[in-house]
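The values are calculated or read from the model by the stated rules, or taken from the named source; none is laboratory data. Keep in mind that what you see is a predicted model, and the values were worked out from it rather than measured. So basically every Cβ, Gly included, is an ideal-geometry build from the backbone, and we count neighbours across all protein chains shown. Heavy atoms of the whole protein, side chains included, go into the accessibility calculation; ligands, DNA and RNA do not. Shrake-Rupley method; radii C 1.70, N 1.55, O 1.52, S 1.80 Å.
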Amino acid sequence: MNQFGHVIKEIFRNLYKNPGTSLSAILSMTLLFLLFDLFWIAADTSDKFYENYLSDLQMEVFISEEYPDSALTILKNEMKNIEGISSFVFISKEIARSKLADLVGVDLLVGYDSLNPLPESFVLTFHNDVLNSADLADIENQIVAQKSVSHVYYSKNWLAKAESTKNIITDVGLLLGILIFFTVLVSSANNMRLTAKTRAVGFYQMRLLGAGKLLLAMPFIIEGILLGALSAGIGWGMIFYWKDKIQFSNFEIMFPTLEELGLYCLAAGLLGLISGYVGIRRLLRL
Amino acid sequence: MSDKTIVELTNVYLKTHRGHEVFKDLNFKLLSGESAIIYGPASSGKSTLIELLIGKRFADSGSTEMFGSLLRPNKKRLIKSVRRKIGGIGGLFSLVPTYTVAENITLPLVLAGERKRFQKERLMAMLAEFSLLNQANVYPEMLTRVENTLVQFARANVAHQPLILIDEPLAGMDPKTYERIYEFMSKLAISGLSLVIVSSEELKSHLPNTSSYHLSNGGLS
């Protein structure tokens, strides 16, 4: 048996001699990863939901009555120069009246054709990259600076709330990620330590016979990688098994791409590698 | 037999962390093919001497040279290679409990990266030489004390290690076992290997090709 064979044999020996420890490591890590996976899906889904709503966001720019029609041309030119506006549509008094009639179900201005009090306006839509409070506020300021504009309306409060919710979700996700990272690290390292402790006498003897640290640590490191990646894989396996069984009609559940999943399992394996090394580190001293 | 020095301790001074002086001015030299038996009472530093030779402890002053290289705490790679040239029996050395007899015996060959075929050949030779053929797949906990010691002998000899350290080899052994172990040690001593044996009990008869020393008051005489 060469050293590679020795390492492989040691991995199986660890798993065979300590099935309880390995199983508990896999189960606890799977549970934690699953928690993180579900949060990941929830965050992605809410992100998509938020994006869909935002893409429909419009800004209404109302025109002052006292300015002549020529002011509209100037305003149009100004708006063309403002970065982030993807389109604007002019709403005349007549169109506004017709829209109001559509909305209410009856034309409230019958008989008052010449006295239509509804203002003229522009409805603006935006590029995705400016669909946030700060950029829209900036655009609003540029528009309001025009003399012909009486006021501007868009769902400012809703946007602020949605952004704050999104930030909270991101912060919770980050915190959860960090918590899970350390929990997995500590729990997995302790499992490794338990496995390694049962073999402390063997390690000591092997060190006395001239075994290198790497040779002794390698089975535990590889085992850590395997357990980490396997736990992450099992978590996603469970989610994908149930994926088709649960569907919502009003929004689409977002799942990570295969590439992201691959990277995620790789990261879980890396976490397992660190756990394996941390678990065995103390026992390698001699 | 070459006159290459394989062990050289020069003016070794060592005290424990409690301040007890284990070695005051210890000098010891062993040439390749020579053997030494070091007698000393309990707590005289016999096992500490073994620890010095395998680079597990280091002198506070003086030097430990093994196979011509000076052992220092920071020379991890050197210590590893020195340990691979040493076979150990008793004291610090024991069998790996989770390995079978065969796995224990071949361990030095695995660590040396020897080929599988060679490992098998050497294993069979050792099992035959130490009458352990029936115990090859047995775990250490199933072995008798004698068998355990014999497996350690086999392990210490399997990779043709040039130096074998033996700690209290015959302590508390019945006459029959004593004879058997003594016979193996004699065999090794005349085979051209170097043995360093530490013992608190005087051997009943002198080992061939072996010098005797007494460890007392932190020095050898």
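Roughly how tilted is helix B:101-111, in degrees to the nearest 10 and between 0 and 90, from the longest Cα axis of chain B?
60 degrees
Report the FRET efficiency, 1/(1 + (r/R0)^6), for residue A:270 and residue B:183, where r is their Cβ-Cβ distance and R0 is 56 Å, rounded to 0.05.
Once rounded, the FRET efficiency stands at 0.50.
Tell me, what is the FRET efficiency for residue A:160 and residue A:27 to the nearest 0.05, using R0 = 41 angstrom and their Cβ-Cβ distance as r?
0.45
Could you pull out the chymotrypsin sites (Phe, Trp or Tyr not before Pro) across the stretch A:251-286 that fall in loop regions by DSSP (anything but H, G, I, E, B) with no more than 14 other Cβ atoms inside 10 Å?
A:251
Read phi for every residue in the stretch B:211-221 and hand back ³J(HN,Hα) as whole Hz from Karplus 6.51 cos²θ - 1.76 cosθ + 1.60, θ = phi - 60°, with x for Gly and Pro.
8, 9, 9, 10, 9, 8, 6, x, x, 9, 9
Check residue B:33: other-chain or 5+ apart residues with amide H under 5 Å from its amide H, H built from backbone geometry?
Amide H to amide H, under 5 Å and 5 or more residues apart or across chains, residue B:33 pairs with B:194.
When Lys and Arg each count +1 and Asp and Glu each count -1, what net charge do the other residues less than 13 Å away from residue A:116, Cβ to Cβ, add up to?
Spelling it out: positives minus negatives among the neighbours equals -2.
Build a GNM of chain A with springs between Cα atoms under 10 Å: which of A:75, A:54, A:32 gets the top mean-square fluctuation?
Among A:75, A:54, A:32, the largest GNM mean-square fluctuation belongs to A:75.
Report the relative contact order of chain B, percent, no decimals, based on alpha-carbon pairs under 8 angstrom and at least 6 residues apart.
31 percent
Based on the mean of other Cβ atoms within 10 Å per residue, sort peptides A:25-31, B:82-88, B:214-220 so the most packed one is first.
Order by mean packing, descending: B:82-88, A:25-31, B:214-220.
If you take the accessible area of A alone plus B alone and subtract the pair, what total do you get in square angstrom, rounded to 100, with a 1.4 Å probe?
Summing both sides, the interface buries roughly 2100 Å².
If you average the C-alpha positions of the stretch B:33-112 and of the stretch A:121-136 separately, how far apart do those two centres end up, in angstrom?
76 Å
Would you please give the residues with an amide H less than 5 Å from that of residue A:58, counting only those at least 5 places away or on a separate chain, with H modeled from the backbone geometry?
Amide H neighbours of residue A:58: A:155.
Per-residue Cβ counts within 10 Å, from other chains only, averaged over B:76-84: what number is that?
Mean inter-chain Cβ contacts per residue within 10 Å come to 3.
In chain B, what percentage of the DSSP-assigned beta bridges are antiparallel, given to the nearest 5?
Antiparallel bridges: around 45 percent, rounded to the nearest 5.
With contacts defined as alpha carbon pairs under 8 Å and 6 or more residues apart, what's the relative contact order of the stretch A:58-154 in percent?
52 percent
Evaluate E = 1/(1 + (r/R0)^6) for residue A:125 and residue B:15, where r is the Cβ-Cβ distance and R0 equals 56 Å; express this FRET efficiency to the nearest 0.05.
After rounding, the FRET efficiency stands at 0.10.
In debye to the nearest 20, how big a dipole does the stretch A:136-189 give about its Cα centre with +1 on each Lys and Arg Cβ and -1 on each Asp and Glu Cβ?
The dipole of the stretch A:136-189 has a size of about 140 debye.
Given the options A:169, A:74, A:225, state which has the largest fluctuation in a GNM of chain A using a 10 Å cut-off (strictly under) for Cα springs.
Sorting by GNM fluctuation, first place goes to A:74.
Might you report the magnitude of the Cβ-based charge dipole of the stretch A:58-154 about its Cα centre, with Lys and Arg at +1 and Asp and Glu at -1, to the nearest 20 debye?
Dipole of the stretch A:58-154, to the nearest 20 debye: 120 debye.
Could you give the nm distance between label points at residue A:2 and residue A:137, where each point is 7 Å from its Cα heading toward the beta carbon?
With each label placed 7 Å out from Cα toward Cβ, I get 6.6 nm.
Ignoring everything except DSSP H segments at least 4 long, calculate the 222 nm mean residue ellipticity for chain A; use -39,500 (n - 2.57) per segment, divide by total residues, nearest 500.
About -23500 deg cm²/dmol.
Please identify the longest segment of chain A free of exposed GluC sites (Glu not before Pro), where exposed means a DSSP state other than H, G, I, E or B and no more than 13 other Cβ atoms within 10 Å.
The longest uninterrupted stretch comes out as A:84-251.
Looking at the protein assembly as shown, what % of its DSSP beta bridges pair antiparallel, to the nearest 5?
Around 60 percent antiparallel, to the nearest 5.
Between the DSSP loop rule and a limit of at most 13 other Cβ atoms within 10 Å, which trypsin sites (Lys or Arg not before Pro) in the stretch B:11-78 are left?
When the trypsin sites (Lys or Arg not before Pro) of the stretch B:11-78 are filtered for loop state and at most 13 Cβ neighbours within 10 Å, B:18 remain.
I'd like to verify something in chain A: which complete DSSP H helices, judged by Cα projection on the helix axis, reach 30 Å or more and average at least -0.5 on the Kyte-Doolittle scale?
A:19-55, A:156-197, A:213-243, A:258-281
What average number of partner chain Cβ atoms lie no more than 10 Å from the Cβ of the residues making up B:101-108?
3
Using a probe radius of 1.4 Å on heavy atoms only, what accessible surface per residue do you get for the stretch A:127-286? Whole Å² is fine.
Accessible area per residue: 55 Å².
Amide H neighbours of residue A:149 under 5 Å, counting only residues 5+ apart in sequence or on other chains, H built in-plane at 1.01 Å?
Excluding prolines and chain starts, which carry no amide H, the hits are A:64.
Answer rounded, prolate or oblate for the stretch B:37-154, using the Cα gyration tensor with square roots of eigenvalues a ≥ b ≥ c: rounded when a/c is under 1.5, else prolate when a/b is larger than b/c, else oblate.
oblate
Using only the heavy atoms of the protein chains and a 1.4 Å probe, how would A:158, A:40 rank by accessible area, largest first?
Result of the area sort, largest leading: A:158, A:40.
If you filter the stretch B:87-168 for trypsin sites (Lys or Arg not before Pro), then keep DSSP loop positions with at most 13 other Cβ within 10 Å, what is left?
Here the trypsin sites (Lys or Arg not before Pro) that fit, given the DSSP loop and packing criteria, are B:115.
Please name the residues of the stretch B:47-73 whose accessible area, counted over protein heavy atoms with a 1.4 angstrom probe, falls by no less than 20 Å² between the chain alone and the full protein assembly.
The answer is B:56 - residues whose exposure falls by at least 20 Å² when every protein chain is included.
Can you give the helix-only mean residue ellipticity at 222 nm for chain B, where every DSSP H stretch with n ≥ 4 adds -39500 (n - 2.57) and the sum goes over all residues, rounded to the nearest 500 deg cm²/dmol?
-10000 deg cm²/dmol
What number, in percent, do you get for the relative contact order of chain A if the mean sequence gap of Cα pairs under 8 Å and at least 6 apart is divided by its residue count?
About 30 percent, as a whole number.
Calculate what fraction, in whole %, of the accessible area of the protein assembly as shown sits on carbon and sulfur atoms when a 1.4 Å probe is rolled over the protein chains.
Looking at the protein assembly as shown in its full context, I get 58 percent from C and S.
Springs between alpha-carbon atoms under 10 Å, Gaussian network over chain B: tell me which of B:62, B:19, B:90 tops the mean-square fluctuations.
B:19
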